[in-house]
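I have placed the structure first, in the form of structure tokens, so that the comments after it can refer back to it.
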Amino acid sequence: MHGYFMDIRLYNQAKSVAEPFAFAEYRKQKLRAKIDLKREKSRVPLPIVPTVNKELAEKLLHDEGDFITNKKTNRKVGDTERTLSILKDPRFRSLFANPDMQIDVNRLLR
């Protein structure tokens with residue numbers, strides 16, 4: 001159709017004859033995209049626990065969960081605001097990344 005003008009109605013009719021299921025495929029793609037979007041929103045991200053001082057990190061994450069539930073009930077919680085920032089604070093990053101900073105549990109029990 002190089003250089004020829006064609007009525008758009010005739011073109012659409014010829015196109016629908018050539019690809020009869022194009023609209024059905026389009027609808028399937030849109031529906032699949034909506035379902036994928038809902039699936040992504042419904043997933044709950046799991047917290048990443050560091051390998052060094054794992055017990056301490058789990059305890060802090062547990063305290064963070066308590067803080068979130070207590071925040072909804074508008075009750076004040078003691079030091080949980082500080083514990084929230086310890087895992088994310090760059091000053092304490094080496095505590096959870098450096099193996100030399102591992103807390104010796106056996107030494108604490110003596």
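One residue stands out in the stretch 39-74 among those that are surrounded by fewer than 10 Cβ atoms within 10 Å (Cβ to Cβ) and not in a loop (DSSP other than H, G, I, E, B): the one that is modelled with the lowest pLDDT, namely Lys72. Can you tell me how many residues within the stretch 86-101 are surrounded by 11 or more Cβ atoms within 10 Å (Cβ to Cβ) and over 15 Å from Lys59 (Cα atoms)? Total satisfying the criteria: 7. For the stretch 1-20, the set of residues classified as surrounded by 10 or more Cβ atoms within 10 Å (Cβ to Cβ) and of a type in the set (Phe, Trp, Tyr) consists of Tyr11 only.
The values are calculated or read from the model by the stated rules, or taken from the named source; none is laboratory data. What you see is a predicted model, and the numbers here were worked out from it, not measured in a lab. Every residue, glycine as well, gets a Cβ built from its backbone with ideal geometry; the counts of neighbours run over all protein chains shown.
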